[in-house]
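Shown next, in structure tokens, is the structure this report addresses.
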Amino acid sequence: MYTIIDIEATGGSPKRDKITEIAIFLYDGEKIIDSFSTLINPEIHIPPFITNLTGITNEMVAAAPKFSDVAERVLELTKDAVFVAHNVQFDYAYIKAEFKRLGYSFQRQKVCTVNLSKKILPNQDSYSLGNLCEDLQIGIQNPHRAEDDAKATVELFKILLDNDPNNYIEAAITEKNLYTNAPKHLSAELVHSLPEETGIYFLHNVNGKVIFVGKSADIQRRIIQHINNNTTSKKKLYKMLQNTHNVTYKETGSELLASLLESYEIQRLRPSYNRLRRARRPKYGIFKYYHPTKHYLHIKIQEIQAEEVPIIAFPKKEYADKLLLNRIKKHRLCQQLCHFETVLDDKNGVACQHYADNICNGACIEKERASVYNKRARQALKDLEYPQSHFFIEGEGRNNDELSIIYIENNRFIGYCFMSKEKYEKLKPSEVSSKIEELPHHHEFDKIIRTYLKKSKLDKIIKLGN
């Protein structure tokens, strides 16, 4: 039995966005035997670009049921059936996230009609649902509406079932590759007991020693991917899995925390198959300071000493030079004030070479006011620095009632903790920081956090002061 599903949502993140429409067709391989379709009130605003794409407006969903109102019907239709969708991870992730918000764990066996189409219908120009429907003459009246997309996926799945002499669909459902490619001492039962949650995982050898540490937004799926890619042509992966006798894990909820703990555990455990991931301690950093009397912002590359905290760190000086020279040129900074020429503090001063080349505006000889120059210099460093010097990052926890808290103090990652939302709301920042589990500092942690914050808007930053 198959449940062929399509959803529409308020945006592209299952953790932040919510379902606005859902359609489910229960299909027995020959005919549709039950169906369900409805708009969903997401209880959050639908952005205009989503409305332009789907045609679903905030007014349309205002009187629609909430997901909690239809959850039982979704469970009823998907129970004991294979979850089928076009780009299945998208639809599955949203439904799983909705159930997680309700305090339930939603797990179903799933197959993807995109992946199946690539195997069963090779040489197509595109495997998007719209293009496949056009090529295969499947009618689809309202693209990007759940019911019409789900109906089209039913028709596509019929074609795939009728044109599958190599039994790709059966293999996907029974996960034959998992049973065929998995080493004999790594049971399918163990793999299927792993959570479909965000966290880090550890591969252990016969003696229990950790030989690999990884992270994933879906631990079970990542292990299955490792196994299904396990061929003798991929020698390192093959050897690693042949030496794997057990898999353990730590759930984190937060993808950022998973990245941090992966880095920490690799440094701590030195697993043999993470050799290339071991972070080298950087020797050089970019620092900034203000001149005590002239008040110009200086930017300087120097060796990192003891507890010094640079804006950004590098294993080699030439890497720092390259980055800073690029910023000097882009933001018309002064070579002297960036210490690429001898800094002269005499009364009259000497202009830097960039002033002669019409790149520097004359800060080196105080022709450009410090306030004007400093604004441009701070902008040059903005994307390299933390948004604040002292703050919490509130992220998703391991369950619906929990938060993960990452603590930054004086521009340095200190550690993390998990805390119930109810408890967190009652505590002062100082009380929360006292609960933090500190980790030994490494510049790699700050690099991970800065990179994540540039890309993600899911987590909440709580400023704690200067």
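The values are calculated or read from the model by the stated rules, or taken from the named source; none is laboratory data. Only a predicted model underlies this, so the values are computations on that prediction, with no experimental measurement involved. Every residue, glycine among them, receives a Cβ derived from its backbone with ideal geometry; neighbour counts consider all protein chains shown.
Considered as a group, the residues in segment 174-193 that are of a type in the set (Val, Ile, Thr) and modelled with pLDDT under 85 include one that is farthest from residue 245 (Cα to Cα), and that residue is 174.
Of all residues in segment 10-65, those satisfying the criterion of being charged (D, E, K, R) and outside any loop (DSSP other than H, G, I, E, B) are 21, 34, 59.
For segment 369-411, the tally of residues that are charged (D, E, K, R), under 25 Å from residue 325 (Cα atoms) and either in a loop (DSSP other than H, G, I, E, B) or in contact (Cβ under 8 Å) with a residue 40 or more places away in the chain (or both) stands at 5. Assessment of segment 425-437 against the conditions (on the phi < 0 side of the Ramachandran plot and touching a helix residue (DSSP H, G or I) at 6+ places or on another chain (Cβ under 6 Å)) yields no matching residue.
Looking across segment 1-22, the residues that are closer than 15 Å to residue 76 by Cα and crowded, with 23+ Cβ neighbours inside 10 Å come down to 3, 4, 5, 22. Flag not set for residue 123, criterion: outside any strand (DSSP E or B), free of Cβ contacts under 8 Å to residues at least 40 places away in the same chain and within 30 Å of residue 10 (Cα to Cα). Among residues of segment 100-128 being in contact with a Ser or Thr (Cβ under 7 Å, 6 or more places away or on another chain) and surrounded by 14 or more Cβ atoms within 10 Å (Cβ to Cβ), the one that is farthest from residue 224 (Cα to Cα) is 127.
Comparison of 178, 190 shows that the only residue that is surrounded by fewer than 18 Cβ atoms within 10 Å (Cβ to Cβ) and closer than 19 Å to residue 109 by Cβ is 190. More than 27 Å from the chain's Cα centre (by Cα), of a type in the set (Lys, Arg) and surrounded by fewer than 13 Cβ atoms within 10 Å (Cβ to Cβ) - does that describe any residue in segment 70-88? Checked against the condition, which is being more than 27 Å from the chain's Cα centre (by Cα), of a type in the set (Lys, Arg) and surrounded by fewer than 13 Cβ atoms within 10 Å (Cβ to Cβ), segment 70-88 yields at least one hit. Candidates are the residues of segment 34-58 that are more than 13 Å from residue 151 (Cα to Cα) and among the hydrophobic types (A, V, I, L, M, F, W, C); the one that is surrounded by the most Cβ atoms within 10 Å (Cβ to Cβ) is 40.
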